[in-house]
Structures are given as structure tokens and as C-alpha cells.
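Novice: Structure below; questions to follow.
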Amino acid sequence: MGARPSGNLSEDGRPSVTVVVVNWNRKTLLGACLASLANQTHPRFEVVVVDNGSQDGSPKLVQELAQSYPVPLRLIPNQDNRGFCEANNQGIAASDSALVALLNNDAEADPGWLEALEAVILRDEDIGMAASKILVWQDPTRPRSADEIDKCGHLIYPDGQNRGRGAGQIDHGQFDRVEETLWPDGCAAMYRRAMLEDVGGFDEDFFAYADDAELGLRGRIAGWRCMYAPQAVVRHHRGATLGLGSARRLTLIERNRVLLVVKLFPWNLLWANGAYQIARIAAGMWAAARNRGEILHYPGTRGKLQAAAALTKGMLSALPMIPKMLRKRRAFRSRRRLNPSQIRKLLLFYRISLKELSEHSTRPAHLTTTTQTTPTAP
């Protein structure tokens with residue numbers, strides 16, 4: 001797909017960073033994503049697009065762009081949709097750079113994104129992950145409003161449900177400090193290849209959703225740290241893959257929450273999982289009664305019943321997978337650097353409040369708000 005410009009290679013002839021973009025039938029969004037990567041200030045990187053059997057002309061778009069793209073651009077075409085996890089693993093395996101960045105096809109990176117992530121992850125050898133400041137994308141043809149935060153790293157509730165730190169808040173600099181965070185959101189993240197070789201890549205049994213949580217927590221348990229890079233700014237079209245009101249999305253989120261807990265949580269939190277889950281569901285029902293929370297994406301009685309059915313389906317579909325997760329749990333035991341008490345302490349330190357988890361609603365990108373929200377910290 002064209003010669004690789006020598007100015008974008010390291011001294012040994014290899015890019016120092018590979019950016020993996022997974023795509024499935026999002027040609028227009030993919031074009032904007034790749035355009036943002038073409039404007040990066042980083043001097044030595046390549047882009048690998050893994051296409052999951054798109055039928056909308058996405059592969060052809062990548063092939064055409066590769067002819068004049070300012071950095072090496074490669075396409076890995078799949079015949080069908082292999083999911084976020086397997087596709088990212090394909091992209092990671094197809095490269096040998098020391099650093100791997102992920103960027104969702106529905107996200108657009110500011111020019112300094114890659115350089116900011118690299119500067120943070122190279123601060124110390126035990127930093128295996130770097131998190132971006134992910135803002136909600138705004139339509140440039142409309143009057144610009146205040147930037148709303150999508151995620152600045154992640155927080156977690158003790159039942160395994162996780163949420164982006166600062167989600168829904170207006171960005172007024174409350175997260176403009178380089179600091180440690182729990183793990184990066186897979187929408188826009190950087191990983192050290194040494195960490196991926198140590199703990200493995202994405203767990204393909206997760207398919208999509210909570211996969212970044214599982215990989216990030218696995219890395220933390222193995223002793224790797226994650227740093228947040230506030231200058232690494234990305235703007236995200238939220239809910240562009242399955243849609244915020246998708247029952248399939250809700251089923252995968254709930255199923256993978258259970259799998260995450262079974263695979264990685266210490267037993268002293270695992271045994272209490274049911275109580276924490278009941279508390280979360282009760283808080284969600286109370287929020288819904290006051291017209292708040294994620295349940296807003298499922299309007300009316302029918303919508304609420306569909307959401308309940310999707311949650312139940314998610315939990316039930318996790319049950320036959322639990323034995324496999326327990327085997328993976330045992331296999332990972334030799335890689336652990338944190339003991340159960342340290343894992344529990346880590347999870348509770350980055351705990352999200354029940355109120356914040358239940359009452360915040362992830363809204364589509366065009367419905368941003370200018371309401372000021374009190375900042376939170378882990």
C-alpha cells in the first residue's frame with residue numbers, strides 16, 4: 001500500500017507506535033478518524049485498520065487513503081465481524097512497535113494525542129498503560145458549547161460495573177493533571193507491548209464491552225501502572241457502534257461484568273458481589289423513578305421491560321462461561337504481583353459512588369450540556 005516514509009520510522013527502521021483502529025460499517029466515521037490521525041504531530045508511527053467484514057465500502061476507503069497517507073497505513077480485512085477484542089489482537093499481532101495505541105473508529109484525536117500519550121507512558125518502566133482525556137464530540141457546524149467529558153480514565157463499583165471518571169461533567173480543568181488512574185478506556189488508549197506480552201492481549205470471550213476493563217485490571221494485578229495524560233485529547237461520538245438504547249449492548253455489558261468479577265476479583269469481594277449488585281439495581285430503579293440514569297435510553301414501560309430482559313439475559317448468558325473464567329483465573333495466578341488485599345484496596349480506592357453510577361446518563365454526542373457539575377476524584 002505504498003512506500004513507508006522514512007521520516008516516520010525509528011532509527012532501526014520501525015515505527016515506535018502502532019495505532020490500531022477497528023472498524024465495522026462506519027465508513028464516514030472511519031474517514032474522520034483517519035483524517036485526525038493524519039494530522040498527528042508524532043514523527044514515527046503507523047496505522048493498522050482491522051475491518052470486521054464491512055459492507056459499506058470501508059476497506060476500499062482505507063486502500064485509497066493508503067496511497068497518499070502521510071504515515072504507513074495498512075488494512076487487515078476480515079470476512080465477518082470478529083468483535084472488538086479479536087480484531088484489536090489481530091492489529092497488535094501484526095505490528096512489532098514498542099507501543100500500541102487504540103483509537104475507536106468513532107473518535108477523532110487532537111494533533112498532539114499520540115505524543116502526549118507516549119510522553120506519559122515512557123515516564124517509568126512499570127507504566128504499562130496510558131489513558132486519554134476523552135471528550136464528547138461536537139458537530140462543528142453548530143455553535144460550540146462547553147466541552148463535556150466522556151471519560152478521563154476509569155472508576156469501578158464493587159460489583160464490577162465501571163464508568164468513566166468525570167463522565168458527564170463539563171471540562172473546566174478539573175482533570176488537567178498527569179496522575180495515576182485505574183485503567184484507560186479502549187476508545188483511546190496506549191499500551192506498552194512489554195505489558196501485553198506479560199499479561200496477554202484482549203480476552204476474546206468478551207467480544208465487546210468491558211474488555212478494556214478486563215485487560216486493564218489484569219495489567220494492574222500483574223504490577224503494571226496506568227497514567228492519565230490530560231493533553232491526549234480525543235473527541236468521541238458516543239454510542240455509535242450498537243446505540244445507547246441497544247438491548248444487545250446492555251446484555252453484553254451485564255454478561256461481561258459477571259465474567260470480569262469471576263476472572264479477576266479477589267474472593268473477599270466476589271462473595272459480596274450479589275449484595276453490591278442488588279444495591280446498584282435498587283439505586284438504578286430509584287434514579288429511573290426520578291427520570292435519571294441510563295434507563296432513560298429505554299423509554300416507557302415497554303422500554304423498561306426490554307432493559308430488564310436484556311440484563312437478565314446478560315446474567316444468564318454468563319453462567320455457562322463461568323467455568324472457563326475460573327480456569328483462566330487459575331492460569332493467571334502465576335502472573336499476579338498484587339495479593340488479594342492489595343487488589344481489594346486498589347478497587348475500593350478507585351470506587352465510583354453509587355449515586356454517580358446510577359444517576360448519570362450517557363447521552364448521544366449532539367445532546368451535550370453546559371450545566372456545571374461538581375468534579376469527583378477517586
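We did not get these values from a lab; they are worked out from the coordinates using the rules stated. Treat the numbers as computed from the prediction; the structure is a model and nothing was measured. For neighbour counting, all protein chains shown are included, and Cβ atoms are generated from backbone atoms with ideal geometry for every residue, glycine included.
Novice: Output the 0 to 90 degree angle, nearest 10, between the alpha-carbon long axis of helix 300-318 and the longest principal axis computed from the alpha carbons of the chain.
Specialist: Rounded to the nearest ten degrees, it is 80.
Novice: Quick one: Cα centre-to-centre distance for the stretch 72-149 and the stretch 255-283, in angstrom?
Specialist: 29 Å
Novice: If you don't mind, another one. First measure r as the distance between the Cβ atoms of THR28 and ASN268, then evaluate 1/(1 + (r/R0)^6) with R0 = 45 Å and state the FRET efficiency to the nearest 0.05.
Specialist: Numbers: r = 48 Å, r/R0 = 1.06.
Result of the calculation: an efficiency of 0.40.
Novice: Normalising by the residue count of the chain, find the relative contact order in percent from Cα pairs under 8 Å and 6+ residues apart. Mind dumping the intermediate values first?
Specialist: Numbers: 775 pairs, mean separation 70.7, N = 378.
Value for the chain: 19 percent.
Novice: Give me the Kirkwood hydrodynamic radius of the chain in Å, from all C-alpha pairs, to one decimal place? Don't jump to the answer; show the numbers that get you there.
Specialist: Working: mean 1/r = 0.0475 Å⁻¹.
21.1 Å is the Kirkwood radius here.
Novice: For GLN161, enumerate residues with amide H under 5 Å from its amide H, sequence gap 5+ or separate chain, H modeled in the peptide plane.
Specialist: Close amide H contacts, sequence-distant or interchain: none at all.
Novice: Calculate how steeply helix 211-221 sits against the longest principal axis of the alpha-carbon atoms of the chain, using the helix alpha-carbon long axis, and give the answer as 0 to 90 degrees to the nearest 10.
Specialist: The helix 211-221 is inclined about 90 degrees to the chain.
Novice: Right, next: Report for the chain the percent antiparallel among DSSP-assigned beta bridges with both residues inside it, nearest 5.
Specialist: Of those bridges, close to 40 percent are antiparallel.
Novice: Can you tell me, using C-alpha contacts under 8 Å and at least 6 residues apart, the relative contact order of the stretch 99-204 as a whole percent? Kindly include the intermediate steps, with their values, before the conclusion.
Specialist: Working: 153 pairs, mean separation 39.0, N = 106.
Reported relative contact order: 37 percent.
Novice: Something else: To check my understanding: the extent here is largest minus smallest coordinate of the Cα atoms along each principal axis. What are those three numbers for the stretch 41-97, in Å, largest first?
Specialist: The Cα atoms of the stretch 41-97 stretch 33, 24, 15 Å along their principal axes.
Novice: Could you list the GluC sites (Glu not before Pro) in the stretch 89-160 that lie in coil according to DSSP, counting only those with at most 13 other Cβ atoms within 10 Å of their Cβ?
Specialist: On the way: sites: GLU108, GLU115, GLU118, GLU125, GLU148; in loops: GLU125.
Within the stretch 89-160, the qualifying GluC sites (Glu not before Pro) (loop, at most 13 other Cβ atoms within 10 Å) are GLU125.
Novice: Another question about this same structure. Hey, what angle do you get for helix 247-264 against the long axis of the chain, alpha-carbon based, 0 to 90 degrees rounded to 10?
Specialist: Once rounded, one gets 90 degrees.
Novice: Can you spot the lysines whose alpha carbon is less than 30 Å from LYS151's alpha carbon? Ignore those fewer than 8 places along the same chain.
Specialist: LYS27, LYS133, LYS263, LYS304, LYS313, LYS328, LYS345, LYS355
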